[in-house]
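Worksheet for the structure shown next.
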Amino acid sequence: MSFINTSNLRGDVMGGLTAGIVALPLALAFGEASGAGPIAGLYGAIIVGFLAALFGGTGSQISGPTGPMVVVFAGVYATLGGNPALVFSAVVLAGLLQIAFGIMKVGQLIRLVPYPVVSGFMSGIGVIIIALQTSRLFGHEPETSGTIGALEAIPGAVADPNMIALAIGVITLAIVFTWPKNLGKFVPAPLAALVIATIISVLFSGAPILGDVPTGLPSFILPAFERESILIVLEAAFLLALLGAIDSLLTSLVADNMTRTRHNSDQELIGQGIGNSVAGLFGGVPGAGATMRTVINIRSGGQFKISGMVHGLILLAVALVLAPFASLIPHAALAGILIKVGNDIIDWSYLKRAHRGPRWDLILMALVLGLTVFVDLITAVAVGVVLAALAFIKQLSEEQLKRLNVTEREIESDEERALLASSNGAVTLFDFGGPLSFGAAADLGHHVREKANGNAKVLILDFERVPFLDLSAAKAVETIVEDASALGKTLFVSGVNEDVDKVLHGLEVAPLIPDENWFKDRRLALTQAVATVEKIKADLPESAATATS
């Protein structure tokens with residue numbers, strides 16, 4: 001844990017206070033949507049918000065239940081029949097995994113997930129949230145859990161609406177979408193919607209409400225595992241840990257851009273892990289860095305850890321004193337607030353410009369979105385990352401092979417250009433130009449055979465810009481050496497560094513090339529290649545030499 005900075009105490013208190021007010025209706029809504037109840041959402045916001053701020057690596061970050069985390073948690077809650085010992089075991093385990101991620105310094109790797117994949121699964125989660133809340137907006141509860149069940153319930157809910165609930169829902173949507181920004185500085189839109197909708201619900205009864213909401217401190221829940229459900233718990237824990245890590249680190253990047261600071265990714269994962277582990281022990285909904293609440297905190301003056309801790313304490317005061325009043329909140333109001341959250345999660349910014357960008361990125365984003373909504377998040381992220389990596393390798397390989405054969409015009413050195421020109425096509429130069437991907441290595445031998453024209457007597461493989469070599473590339477070099485020998489061509493190698501040399505010797509490729517055919521740099525290799533060509537010509541009968549020229 002790093003030093004707690006008190007230099008911005010007033011700003012941090014104001015930022016935390018404002019973020020806490022904004023977080024209150026969201027915490028209740030997320031708790032209700034999770035299946036564990038609104039107070040579980042509040043406990044999660046309190047515990048994760050306070051501990052992630054205290055132990056995390058992003059000073060201005062506000063953490064708590066988020067849309068992506070609640071979607072996954074709600075799924076496991078329904079699958080495990082709402083058994084607290086099993087459900088919250090997954091939350092505790094997810095937190096421990098996040099701590100392990102931080103200790104193993106996985107934070108930097110998570111940031112390597114391509115943007116189309118992040119955009120796709122975040123937008124998919126937004127769609128899921130909207131689908132799950134639409135029936136509640138009309139005063140009905142979906143009969144089955146999951147996205148498909150929620151979508152199937154919508155036509156029936158629309159055909160037979162609870163008019164009071166629908167009116168409350170429409171008013172809530174109007175407030176959260178159109179609340180003036182100047183008023184939002186004093187009363188956040190979600191809080192205003194919650195208060196107004198609850199007053200309407202009291203005046204005009206008939207809409208479903210939350211009912212009894214517990215108050216006071218949470219009870220300790222001892223984690224438990226059962227043989228028949230262990231795989232479900234493990235899968236949920238891994239997904240919660242991964243999703244929470246990605247969600248938090250993306251929010252950390254937003255905070256960095258706003259505050260001109262740099263967060264500590266691995267420390268942030270440890271902080272989030274501690275928060276989720278403890279939240280699971282006390283029946284709290286798992287959380288992550290929350291972008292909207294973090295932005296509000298920063299704009300309200302929050303900069304350092306104290307702001308996130310104050311946010312948690314504000315919510316604790318609410319849980320101890322005001323929880324009974326939450327029993328009057330109508331479901332339709334929370335549904336309206338969550339539909340706005342889902343809408344904000346969808347990456348409209350990219351979708352509006354997607355047609356002007358690379359087509360493959362749009363296809364990948366749409367595929368990940370579809371898999372997120374109709375299959376599951378693990379499959380969506382895994383498929384997205386694999387396809388993005390393969391597409392990049394393919395593109396990189398094509399570019400490497402395109403630039404492999406070096407012509408006279410592409411050589412900057414006048415001396416080297418003159419040497420290559422003097423060979424009259426008898427010397428062919430191949431410059432690898434950087435690390436050899438396994439994708440390029442697959443076609444390397446064929447490409448060299450194709451480019452080494454019939455007149456070529458000497459082939460030069462220049463490794464000067466190759467920092468390392470893997471097995472695929474080394475095997476490709478071995479194929480090139482064997483092909484050159486079979487065709488009676490002389491092969492020179494230049495610019496090999498110590499690491500590449502070690503690989504070529506270790507895989508017994510180097511011994512296939514005579515010691516005198518290894519050169520320190522390309523100029524020496526070209527000089528010797530031209531001399532070799534001249535010697536070959538001198539050794540040939542006059543008629544054959546003329547034909548060769």
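Read-outs: derived from the displayed coordinates by stated rules, not from any lab. This structure is a prediction, so every number in the text was calculated from the model and none was measured. Every residue, glycine among them, receives a Cβ derived from its backbone with ideal geometry; neighbour counts consider all protein chains shown.
Details
- Annotation: amide H of residue 261 has no partner in the under-5 Å range at sequence separation 5 or more or interchain, hydrogens built in the peptide plane.
- Most to least packed among 152-161, 334-343 [average Cβ atoms within 10 Å]: 334-343, 152-161
- 0 to 90° range, to nearest 10: angle between helix 471-486 axis and the chain longest Cα axis: 20
- Rg of the Cα atoms in segment 335-460, relative to 2.2 N^0.38 Å, amounts to 1.69.
- FRET E, pair residue 486, residue 386, Förster distance 35 Å, beta-carbon r, rounded to 0.05: 0.40
- Candidate lysines for bridging to residue 520, where Cα separation is under 23 Å - those fewer than 8 sequence places away on the same chain excluded: 457, 475, 489, 502, 535
- With a simple spin-label model that places each label point 7 Å from the Cα along the Cα-to-Cβ direction, the separation between residue 159 and residue 322 comes to 4.1 nm.
- FRET efficiency, 1/(1 + (r/R0)^6) with R0 25 Å, evaluated for residue 536 and residue 512 via beta carbons: 0.75
- Shape class of the chain from the Cα gyration tensor (axes a ≥ b ≥ c, square roots of the eigenvalues): prolate, since a/c reaches 1.5 or more and a/b is larger than b/c.
- Nearest 10 degrees, 0 to 90: helix 265-281 Cα axis against the chain principal axis: 40
- Here the residues 305, 451, ranked from fewest to most Cβ neighbours within 10 Å of their Cβ, fall in the order 451, 305.
- Value of relative contact order over segment 403-548, rounded to a whole percent, pairs C-alpha under 8 Å and six or more apart: 25
- Taking the helices alone, the chain has a mean residue ellipticity at 222 nm of -21500 deg cm²/dmol, built from -39,500 (n - 2.57) per DSSP H run of at least 4 residues and averaged over all its residues.
- Note on residue 185 and residue 355: with the Förster distance fixed at 30 Å, the Cβ-Cβ geometry gives a FRET efficiency of about 0.25.
- Note: relative contact order over the chain, using C-alpha pairs below 8 Å and six or more positions apart, is 24 percent.
- Compared with the dominant Cα axis of the chain, that is its longest principal axis, helix 305-321 is turned about 30°.
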